[in-house]
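Here the structure comes first, spelled out in structure tokens, and everything after it is commentary.
The values are calculated or read from the model by the stated rules, or taken from the named source; none is laboratory data. No experiment lies behind these values; they were computed from the predicted model shown. Here Cβ is always computed from backbone atoms with ideal geometry, including for glycine, and neighbour counts include all displayed protein chains.
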Amino acid sequence: MVEHLNRQRVLNLLDSFYSGDIEGALARLSDDIDYIAAAPIDILPHLGHRRGKAEIRKMWQTVHARYSSMRYELPYFVAEGDKVAVLIRAFFRKSGSDRVVQFDIAVFYTFRDGVIAQIREVIDSFDLVQQVLERDVAAVLAETKPSKG
């Protein structure tokens, strides 16, 4: 039964976040929320490690400022006890260029007292960085590779 509740709680969080209702999404988090996104913070500095609703709010506001619209699909969704794991296929439309960035995120949620106390995200960051920068990063890396002499 708790799995069903936590599944619905995650769906409510995602629906709030992706629709732009940041405060509604924050209401589903503990005050001491611990968030970590495994991503290159040199290029995506708003990600990384965040603690508390104020830091999460600022991060989510940054994301929503950069993208004019967002939607998601959930190809995988597993709930067991106080833990929920989802694979999110995200679609973000860039505000400046109107280009759609599409990437996958594995997200692991841990609940405490009916709210989310911990979020861990693993992002396909190489693909995401290429799309955000609108450059073929592999080609750039190949060009800068030192030649053997």
Self-check item: Residue selected from segment 33-65 under the condition among the charged types (D, E, K, R) and in contact with a helix residue (DSSP H, G or I) (Cβ under 9 Å, 6 or more places away or on another chain), by the criterion nearest to E23 (Cα to Cα)
Solution: R57
Quiz item: What number of residues within segment 93-111 satisfy the criterion of being over 12 Å from I123 (Cβ atoms) and under 11 Å from the mean Cα position of the chain (by Cα)?
Solution: 1
Quiz item: List the pairs whose first member sits in segment 44-63 and is closer than 15 Å to L26 by Cα, whose second member is in a helix (DSSP H, G or I) and of a type in the set (V, I, T), and whose Cβ atoms are under 7 Å apart, counting only residues at least 6 apart or on separate chains?
Solution: R50/I56; R57/I22; W60/I22; Q61/I22
Exercise. Tell me which of these H49 doesn't satisfy, since it passes every other one: (1) modelled with pLDDT of 95 or more; (2) assigned to a strand (DSSP E or B); (3) not hydrophobic (A, V, I, L, M, F, W, C).
Key: (1)
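Rundown of residues vs (1) closer than 17 Å to D15 by Cα; (2) at pLDDT 95 or above; (3) outside any strand (DSSP E or B), yes/no style:
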residue	(1), (2), (3)
T62	no, no, yes
Y72	yes, yes, no
F77	yes, yes, no
L87	yes, yes, no
S97	no, no, yes
F108	yes, yes, no
Q118	no, yes, no
Quiz item: Can we say S68 is assigned to a strand (DSSP E or B) and small (G, A, S)?
Solution: yes
Self-check item: Criterion (loosely packed, with under 15 Cβ neighbours inside 10 Å and not in a loop (DSSP other than H, G, I, E, B)) met by exactly one of D42, D15, D34
Solution: D15
